[in-house]
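Accompanying notes for the structure given below.
The values are calculated or read from the model by the stated rules, or taken from the named source; none is laboratory data. From a predicted model like this one, the values you see are computed outputs, not experimental measurements. In this analysis, Cβ positions are derived from the backbone assuming ideal geometry, glycine residues included, and neighbour counts consider all displayed protein chains.
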């Protein structure tokens, strides 16, 4: 889950956009957010920050299909599963800054 939240942190994309990323959306030094998954319905290319590149390299992400597959493997991880993972890793008394530091690996 660190990879998913790091993508959000370093690219400014929404969780709903990050969770639907596919392996083929990582093109060299760029993440391609497809129009079908964005709120604005526009495809956009976002450069991969060096720290994000390191996080993605360390993660065991699939080489094809969804980067963050759901339990069934048929679709992406659910929004609810992302929310649960974030809540589990961050206690209610933690500040947002502490959570962002955690996801950024600082």
Seminar exercise, completed: If we keep only residues of the stretch 11-24 that are touching a helix residue (DSSP H, G or I) at 6+ places or on another chain (Cβ under 6 Å) and assigned to a helix (DSSP H, G or I), then the residue surrounded by the fewest Cβ atoms within 10 Å (Cβ to Cβ) is 15
Exercise. Pairs under 8 Å by beta carbon, first residue under 15 Å from residue 15 (Cβ atoms) in the stretch 84-96, partner surrounded by 12 or more Cβ atoms within 10 Å (Cβ to Cβ) and modelled with pLDDT of 75 or more, six or more apart or different chains?
Worked result: 85/1; 86/1; 86/5; 89/1
Problem set entry | Number of positions in the stretch 25-64 that are part of a loop (DSSP other than H, G, I, E, B) and either in contact (Cβ under 8 Å) with a residue 60 or more places away in the chain or closer than 15 Å to residue 76 by Cβ (or both) | 5
